[in-house]
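Written below as structure tokens is the structure these notes are about.
Where a number appears in this text, it was derived from the coordinates with a stated rule and is not lab data. Computed from a predicted model, the values in this text were never measured in an experiment. Don't worry about glycine lacking a Cβ; one is built from the backbone with ideal geometry, like all the others, and counts go over all protein chains shown.
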Amino acid sequence: MTDDQPTDDTAEAPDREETDAIIQEIERKRSLGGLAAVVVAAVGITFSVFQMWLAAKGFVLALTLPLIGEVEFVALQLLQINAIHVTFGLVLAFLLYPASTGDGPIASRCVRLGAVVDDRFGASHPLSRIVHAAGGALRWIFVDPDLDRVTPFDLALIPVAVLSAAYFVTDFDEIQRMRALGLESGRAIHEVFTFLDPVAGLLGPLTETSYAMVLGVIGVLLVLEATRRAISLYLMLIVAAFVVYARFGVFIPQNAAYVGVLSIPELSWPAIIQNLWYNTENGVFGIPITVSVQFIYIFILFGAFLEMSGAGQWFIDLAYAATGTRKGGPAKASILASGFMGTISGSSIANTVTTGAFTIPLMKKSGYRPEFAGGVEASASSGGQILPPVMGAAAFLIVQYTATPFADVIVVATIPAIVFFFGVWVMVHFEASRLGIGGLDPSELVDVRSHLRRGWFYLVPIALLLYYLIGARLSVARSAWFTLIAIGALVTLVAAYSDETRGRLGAIFALLFGATVVSHYVAGTGPLVAALGGGTGGLSLQAAFAATVGRLGGISIIAGVLTLATRPFLDSPILEFDQAVDDAAESTASALGRPGLSRNGLYRLGTFLGKSMDGGARTAVPVVIAVAAAGIIPGVISVSGLGPNLVALIKAVAGGSLVLLLVVTAISSILLGMGMPTTVTYIILVSLLAPALTAFGVPELAAHLYILYFGVIADITPPVAVAAYAASGVAKSDAFQTGIEAFSLSLNKAIVPFAFVLTPGIVLLRREPNAAELGVGDKYAVLGSADLFDLAYLVPEVIVPVVGVFLGVVALAATVIGYVYTPVGRGERAAFAVSSLLLMAPGLAVRGALDVIGLFGIGGGGGDEVSVAIDVALRGIGLALFVALVLGNRGQGASGFFSSSESEAESTPETA
């Protein structure tokens, strides 16, 4: 971390094409054009419209028409909704992700086979020509080496996926009957496809097989194939192994050592498929997909709308304006910008590349090494998934799995997230001090006040979201929907605003508002329905005004659209759409033969809407596929009855040691999460390990947050470290070394989870007085107002630990960077590390030490909780050691308290 290396003073920011290429290389997603691009956009926009309708209207697809009233098209059940949701994901996955790019093991062997045949018989031999012809046909059917075309194999899979969803919609009564009687009670294939009767004898037993069974098998296989494409072969094999285990786990001998507890009752294939494909509690359409339908997708749309409105660049500029002139300003701005962008993007890869395209070149230019610059960006970007209010998809799964209000999840996650970003901030500050890196020239930055005046409306949706979630305590889905409407209204108003049109815009808005109040007062409905003679009767003036306020979003959008219609080529002085919107407007206008449309305000607004919905759908595809596949694992655990046996096995392996169990969970999370979405890691490990953690007395919410944290760390842990790999592509640095830097900068993210599991007050959780009588999820509660006045509890169990954690990450930064006021020697680093551990997690040190002593038969191990008095005393010792080290480092130069040749050899950098 402290080796000086030459920096690249001529670093230039990569252009959009280069950053897109980096993302494409990592995600292996197609870049389509022509008709294929139009089809993908159409499917994506339809997917988003479907999800927005669900968020606004629920599961009843109905429309209110003037003079006619409400027309109900269809009322769907949860299983049907989930099936449609997954089908959209499957269709887009087959369109966007290739089956093969020709560089896999099978394709490589086929190429070698052709070469072997050529060597053996000659290129002109008929056999060689047959082999090459067959290879060419297979390549055309399956392979997309340039990631730019949809293959025939993809086109064949899409209607099969649609057929599976159609069965849920058209034959739901049969599905309900089979859920009680089994899949064998469903119609046979020949009863569904009567045209097969003449050839029924050729198909053998297949014609008598349940149609639902066949569709279920095909559906599970399609999910596995989409998982292989969009996520990884690794995850597909894990999920497939669980499916095979559900059928053949019965053959594990019950009396076998260690693995005997994995023996399960015998399950038939129909029973397995029924639970994995026709169930909303477990399997493909289980809780994870339900969460995706109700929460995750709408928040992905929220981020897409914000991003396409230009909020991303505005947040980056704000971060630089706020911190760019400080010591190490570019790196500190990177941390802030990544935190802001984490609100928009739940993907650490996209966050790293999007933000890093601006921040990494500036960090390199200011004097940071390329590997360190990439590490800072990867580390901070990975934190976006743990930063409230909009966390990664796994946060919504926590809500569902723990039955905890999202507002409480935000409260619990806030302090650890702030601690993480503060820790990275301190590390880059110490590194800047060590290298003598100053800030940027103020002339290179925007003015904070003018920047806020220009883009204040980007902050409104986030403030509204917090109000809806915490203040009004609305459901997650309703909060996201109302915030989405607010974004649309704000963007439309701002797009129509200028010095020329502001009077016109205000007049139209006032007219629409007044007309809506009057129509509700007179007819109890909106102006259009009232004008056509509809309505349910007048409301009181107060009720009419309240109803109109509830429609402010729609009124704002109509006012903005009408204003733009009167001034179509208005150039808004304060709104700059994302470059992707401008590019899409220009390309589509040119395709229509009317390039001038790209400057039309209404056309650009429509492009913004379409691009946001299309972008949201594309972003959601890997999430939908991941949670659908991962849902199979808890499904198998549930249907097989494995859960209790697994908890017993884990507790036996842990030997009564909570510290050992926490370490095993952390390592499992990191290993499993390498190269896989955090959501998948969370679902799998929550199913396997969370029950064991809560059995040790860990608060349920803290256990889930613990697993989430280490799943996030996997994104920056070598050798895979996908976020660090993305950052290295921008920084032009060594990928492995960038991963080392990112992991080192994120070390506090690995220690803080131990701290809040052992001291729940850090995440503002308090054990209920009657916890022994309560269920697992009710033993702890988020602090209330009464707890804040209970100083006997608040000071030792909340304030002292929280302050200790913040000071501990400073000590950790000194350990990692090797610099505070002056260089820190090896001995001082070790002492700083000890103080960091005592300040952040003294319980970990005590219980870990007792576990080690227990191995030698001394004492009973570290199973018991550390008392509050001992906890506070150890933090006090850590504080005293920390203060002594800092004062010694500042007052005694490089020698400090622990003189070393290393510290004396290091030169003192110039101050910035």
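In summary, the lysines within cross-link reach of Lys332, defined as a Cα separation below 19 angstrom excluding same-chain residues under 8 places away, comprise Lys364, Lys365, Lys749.
For the listed peptides 120-127, 439-446, 329-336, 243-250, a ranking on the average number of other beta carbons within 10 Å per residue, highest first, reads 329-336, 243-250, 439-446, 120-127.
Annotation: peptides 159-169, 690-700, 287-297, ranked by per-residue average of other Cβ atoms within 10 Å with the highest first, follow the order 287-297, 690-700, 159-169.
For Ala62, the amide hydrogen comes within under 5 Å of the amide hydrogens of Phe73, counting only partners 5 or more places away or on other chains and with H modelled in the peptide plane.
Take every pair of alpha-carbon atoms less than 8 Å apart whose residues are at least six positions apart; their mean separation over the length of segment 48-140 yields a relative contact order of 13 percent. I'd like the distance between the alpha-carbon centres of segment 793-833 and segment 730-788, rounded to an integer number of Å. The distance from the Cα centre of segment 793-833 to that of segment 730-788 comes to 17 Å.
Loop-located trypsin sites (Lys or Arg not before Pro) in segment 470-559 (DSSP state other than H, G, I, E, B) with a sparse environment of at most 15 neighbouring Cβ atoms within 10 Å: Arg473. Based on the convex hull around the alpha carbon atoms, segment 649-704 presents an average projected area of 3.5 nm². The order of the peptides 877-889, 562-574 by mean Cβ neighbours within 10 Å, most packed first, is 877-889, 562-574. The H on the amide N of Thr325, modeled in the peptide plane, is under 5 Å from the matching H of Leu440, each at least 5 residues off or on a different chain. Rounded to the nearest 0.05, the FRET efficiency derived from the C-beta distance between Phe121 and Asp173 at R0 = 45 Å is 0.15. Between amide H atoms placed 1.01 Å from N, distances below 5 Å from Tyr819 occur with Val824, all of them 5 or more places distant or on a separate chain. Please label the shape of the chain as rounded, prolate or oblate, based on the square roots a ≥ b ≥ c of the eigenvalues of the alpha-carbon gyration tensor (a/c under 1.5 means rounded; beyond that, a/b larger than b/c means prolate, else oblate). Rounded, since a/c falls under 1.5. Screening the chain for DSSP H helices whose Cα atoms reach 30 Å or more along their own axis and whose mean Kyte hydropathy is at least 0.0 gives 34-57, 406-435, 502-523, 601-630, 868-891.
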